[in-house]
1. Would you point out the residue of region 104-131, among those that are within 30 Å of T51 (Cβ to Cβ) and aromatic (F, W, Y), that is surrounded by the most Cβ atoms within 10 Å (Cβ to Cβ)?
2. Among the residues of region 89-110, is any over 24 Å from E28 (Cα atoms), in a loop (DSSP other than H, G, I, E, B) and out of contact with any Leu (no Cβ under 9 Å at 6 or more places or on another chain)?
3. Show the residue pairs meeting these rules: Cβ distance below 6 Å; 6+ apart or different chains; first residue within region 42-61 and at negative phi; second residue among the charged types (D, E, K, R).
4. Give me a count of the residues in region 32-49 that are surrounded by 12 or more Cβ atoms within 10 Å (Cβ to Cβ) and either part of a strand (DSSP E or B) or polar (S, T, N, Q) (or both).
5. Suppose we keep only residues that are over 26 Å from K35 (Cα atoms), modelled with pLDDT under 95 and of a type in the set (A, V, I, L, M) within region 50-88. Which one would you say is surrounded by the most Cβ atoms within 10 Å (Cβ to Cβ)?
6. Hey, can you tell me all the residues within region 89-99 that are under 15 Å from L44 (Cα atoms) and buried (at least 17 other Cβ atoms within 10 Å of the Cβ)?
7. Kindly provide the set of residues from region 53-80 that are of a type in the set (D, E, K, R) and touching a Leu at 6+ places or on another chain (Cβ under 9 Å), ordered by number.
8. Given (1) at pLDDT below 90; (2) more than 16 Å from the chain's Cα centre (by Cα), where does Y120 come up short, assuming only one miss?
Amino acid sequence: MKHLNFILTGLFFLCGLCCRAQVLPLEENVVLNTKEGQIKGKLLLPGGVKTCPVVLIIAGSGPTDMDGNSAIGNLRNNSLKFLAEGLAANGIASLRFDKRGIGTSTSAGKEEAKLRFEDYVNDVTGWIDYL
């Protein structure tokens, strides 16, 4: 019995030496305040680093949220979330956000007739200033 305990303890320590500890990325909820309301986003930082490059991920056309999912047809593929996780795994931070009026940022939406391209440009400029 002593030998079995000794062998199991040795195997446990050997596995600890062979396996590297993985530092998980840190995800933080962030908010951009605008005149119309709050635009919400997520900042994903690679774990274990003090400085790193950062990417601003801007959702594509249509009602696409910060994770890359669309309200049209209830399409959920999490493409932008997976992109952010892949960047973090390679030491690159990212910030992704819901477009105004979409997802968790519905309070910042406007009537479609009053929505202008400049509104989106101002949102991106605000996030750049945040970073």
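The values are calculated or read from the model by the stated rules, or taken from the named source; none is laboratory data. Worth saying up front: this structure is predicted, and the values here are computed from it rather than measured. No Cβ is skipped: glycine too gets one built from the backbone with ideal geometry, and neighbour counts run over all protein chains shown.
1. W127
2. From region 89-110, those over 24 Å from E28 (Cα atoms) are 110; that's our starting set.
If we keep only those that are in a loop (DSSP other than H, G, I, E, B) as well, we get 110.
From what is left, the residues that are out of contact with any Leu (no Cβ under 9 Å at 6 or more places or on another chain) are 110.
Yes - at least one qualifying residue is present in region 89-110.
3. That search, which allows pairs on different chains as well, returns K42/E27; K42/R96; L43/E28; L44/E27; I57/R96; A59/K99.
4. Residues that pass the stated criteria total 10.
5. The selected residue is L75.
6. Residues of region 89-99 that are under 15 Å from L44 (Cα atoms), as a first pass: 89-98.
Listed by number, the residues that qualify are I92, A93, S94, L95, R96, F97, D98.
7. If we filter region 53-80 for residues that are of a type in the set (D, E, K, R), which is where we start, we get 65, 67, 76.
Answer for region 53-80, where residues must be of a type in the set (D, E, K, R) and touching a Leu at 6+ places or on another chain (Cβ under 9 Å): D65, D67.
8. In the conditions (1) at pLDDT below 90; (2) more than 16 Å from the chain's Cα centre (by Cα), Y120 misses (1) alone.
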